[in-house]
Amino acid sequence: MSVVLAVHQPIFLPWPGFFHKAAHADHLVLLDDVQFPTGRTWLTRNRLKSETGELWLTVPVLRRHRGRQSIRDVEIHDAIGWREKHLGGLRQNYVHAPYVADYAPGIEAIYRRRHTKLAELSIQLIRFLLAALSMPTSVTLQSELGVTGGGTELLAALCERLGADRLLTLSSAEKHIGTGVLVERGIEIVRARFHPPVYPQLWGDFIYNLSTLDLLLNCGPRSREIVAGRGGS
């Protein structure tokens, strides 16, 4: 029986494409043991929506004098009142969302745990969103598997470690993958045919690829079908 693996960095409050991959995979590995990017990154920020357009939520992290860090080692900078800002923006802009009472309390509970590491916060939010979307995909951290490295060799090693013979990718990421290495190891690339979904949103004109939290607050139980059903893999 074929086993499908999806791999992704633990980005903050991911967009629907992230969960489209999860919906069509048997295993999802979160790459918490690779290098944290030096520039702007979706690992620390994402977008919701407000009356004036995009509502950016950013988690401040400690970078100075830290050198190269793995994602799992990055610490949150707690001298800034970012948690209150995030939750205030959520309450203010989604007070009339149809499903805010179903999901906002869970998000607030995660924020109140005051994580010290970025990856711990993001991974807990990802697990919450997977559960809210009713996705049974098995989630494993790279650090739990003890598999290190980079590039396509890392992807191949993760497939072998979990007994996966197929690697699910989005078309935007395929150019960064050395297909020859995977073919030599007996691993097939499966292309996810993801099209950013359009769904009812608050506040005027539709904005594509906001955090999946926006989708959940607006569409509730229908969110899984919206994420997974748009041209499955």
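The values are calculated or read from the model by the stated rules, or taken from the named source; none is laboratory data. Here the structure is a predicted model, which means the values were calculated and not measured. Don't worry about glycine lacking a Cβ; one is built from the backbone with ideal geometry, like all the others, and counts go over all protein chains shown. The area values use the complete protein model at the heavy-atom level, side chains included, leaving out ligands, DNA and RNA. Shrake-Rupley method; radii C 1.70, N 1.55, O 1.52, S 1.80 Å.
Odds and ends about this structure:
- Virtual spin-label span in nm between residue 193 and residue 66, 7 Å along Cα→Cβ: 4.1
- Estimated from the Cβ-Cβ distance and a Förster radius of 41 angstrom, the FRET efficiency linking residue 208 and residue 131 is about 0.95.
- Distance between the 7 Å Cα→Cβ label points at residue 153 and residue 35: 1.4 nm.
- Taking the longest Cα principal axis of the chain as reference, the axis of helix 82-93 is set at about 70 degrees.
- Based on DSSP H segments of at least four residues, each scored -39500 (n - 2.57), the chain has a per-residue ellipticity at 222 nm of -10500 deg cm²/dmol.
- Global geometry of the range 1-70, whether rounded, prolate or oblate, following the gyration tensor of its Cα atoms and the 1.5 cut on a/c: oblate
- Beta-bridge orientation, the chain: approximately 35 percent antiparallel, per DSSP, counting only bridges with both partners inside.
- Rounded to the nearest 20 debye, the dipole magnitude of the range 1-86 is 320 debye, with +1 charges on Lys and Arg beta carbons, -1 on Asp and Glu beta carbons, and the Cα centre as origin.
- C-alpha long axis of helix 151-162 to longest principal axis of the chain, angle in °: 80
- In terms of its C-alpha gyration tensor, the range 97-213 has an oblate overall shape, because the principal axis ratio a/c (a ≥ b ≥ c, square roots of the eigenvalues) is not below 1.5 and a/b does not outweigh b/c.
- Most fluctuating residue given options 66, 127, 45, as computed from a GNM of the chain linking Cα atoms under 10 Å: 66
- Whole-angstrom gap from the range 156-226 to the range 83-155, using each part's C-alpha centre: 16
- Each label point was placed 7 Å from the Cα along the Cα-to-Cβ direction; for residue 171 and residue 114 their separation is 4.7 nm.
- 0 to 90° range, to nearest 10: angle between helix 118-132 axis and the chain longest Cα axis: 80
- Accessible area (Å², per residue) of the range 1-79, counting only protein heavy atoms and a probe of 1.4 Å: 46
- Shape of the range 121-179, Cα gyration tensor, a/c cut at 1.5: prolate
- Kirkwood Rh and Cα Rg combined as Rg/Rh, the chain: 0.96
- Taking a quarter of the surface of the Cα convex hull of the range 7-119 gives a mean projected area of 8.3 nm².
- 13 Å beta-carbon shell around residue 107, net charge (K/R +1, D/E -1): +2
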